[in-house]
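Undergrad: This structure is in structure tokens; I'll ask about it shortly.
The values are calculated or read from the model by the stated rules, or taken from the named source; none is laboratory data. Bear in mind the structure is a predicted one, so any value in this text is a computation, not a measurement. Note that we place each Cβ from the backbone using ideal geometry, even for glycine, and neighbour counts take in every protein chain shown.
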Amino acid sequence: MPRGPIPFTEEKFAEKFWERVDKTSDPSGCWLWTGGKSNTGYGEVNWKRKKTSTHRVSYLLTGHKIPEGLELCHSEHCVGKRHCCNPQHLTSKTVKENSADRIRDGTDQVGERNPFVKLTETKVLQIRARADENQRILGEEFGISQQTISKIILKKTWNHI
């Protein structure tokens, strides 16, 4: 006898999924996911035994396909609304095109906008100002590795400042 919950049928999953999508409240036509979100702001759901972004699920549930080697990207309607699942606001693009869109829209997660970042821009500038000091000791002081200190000083990371 199988253990754990009995998985939803595709139809039941879709029904439950769409119950958590608000298709009417956003003036730009975004369909907003009202369920759980990742720490980066994207809607998230378990689909086919895997954690999946809700915009991707929405796109696939409505019969669209994502070509091999491309990413699913939000349009300019969705700036600041990563939890939009309106398939009409989604397109397949290359990684480079998606990156250019994030830069254009100001939504790229560089520096302090990255939710996993340990440093602030001020601390990075302090590290660079002290580049002639021992990197292992600097790493201990700032709570990061010597390798990370080196990458900051050489502008391999935090190169936007």
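Undergrad: When you look at Ser92, is it among the polar types (S, T, N, Q), at pLDDT below 95, touching an Asp or Glu at 6+ places or on another chain (Cβ under 8 Å) and over 27 Å from Asn159 (Cβ atoms), yes or no? Full working, then the answer.
TA: Numbers: among the polar types (S, T, N, Q): yes; at pLDDT below 95: yes; touching an Asp or Glu at 6+ places or on another chain (Cβ under 8 Å): yes; over 27 Å from Asn159 (Cβ atoms): yes.
Taking the combined requirement at face value, the residue satisfies it.
Undergrad: Still on this structure: Got a number for residues in the range 27-42 being small (Gly, Ala, Ser) and not in a loop (DSSP other than H, G, I, E, B)?
TA: Here is the first cut: in the range 27-42, the ones small (Gly, Ala, Ser) are 28-29, 35-36, 38, 41.
From what is left, the residues that are not in a loop (DSSP other than H, G, I, E, B) are none.
Matching residues across the range 27-42 total 0.
Undergrad: If we keep just the residues of the range 48-78 that are buried (at least 18 other Cβ atoms within 10 Å of the Cβ) and in contact with a helix residue (DSSP H, G or I) (Cβ under 7 Å, 6 or more places away or on another chain), which is modelled with the lowest pLDDT? So that I can check it myself, show each step before the final result.
TA: Going residue by residue through the range 48-78, those that are buried (at least 18 other Cβ atoms within 10 Å of the Cβ) are 53-59, 72-74, 78.
With in contact with a helix residue (DSSP H, G or I) (Cβ under 7 Å, 6 or more places away or on another chain) added as a condition, the list becomes 57-59, 72-74, 78.
On the way: Val57: 97, Ser58: 97, Tyr59: 97, Leu72: 93, Cys73: 89, His74: 89, Cys78: 86.
The extreme case among them is Cys78.
Undergrad: Report the residue count in the range 80-91 for those that are out of contact with any Leu (no Cβ under 6 Å at 6 or more places or on another chain), assigned to a loop (DSSP other than H, G, I, E, B) and crowded, with 17+ Cβ neighbours inside 10 Å.
TA: 4
Undergrad: Could you tell me which of the residues Gln135, Gln146 is in contact with a Lys or Arg (Cβ under 6 Å, 6 or more places away or on another chain) and either among the aromatic types (Phe, Trp, Tyr) or farther than 30 Å from Gly41 by Cα (or both)?
TA: Values: Gln135 fails: in contact with a Lys or Arg (Cβ under 6 Å, 6 or more places away or on another chain).
After ruling out the rest, the residue left standing is Gln146.
Undergrad: Consider only pairs whose beta carbons are under 6 Å apart and that are at least six residues apart or on different chains; among these, list those whose first residue lies in the range 58-73 and is within 12 Å of Thr94 (Cβ to Cβ) and whose second residue is part of a loop (DSSP other than H, G, I, E, B).
TA: Leu72/Ile66
Undergrad: Hey, another quick one. Of Thr40, Thr120, which residue is over 30 Å from Ala14 (Cα atoms), exposed (fewer than 15 other Cβ atoms within 10 Å of the Cβ) and at pLDDT below 95? Before the answer, list the steps.
TA: Details: Thr40 fails: over 30 Å from Ala14 (Cα atoms).
Going through Thr40, Thr120 in turn, the sole match is Thr120.
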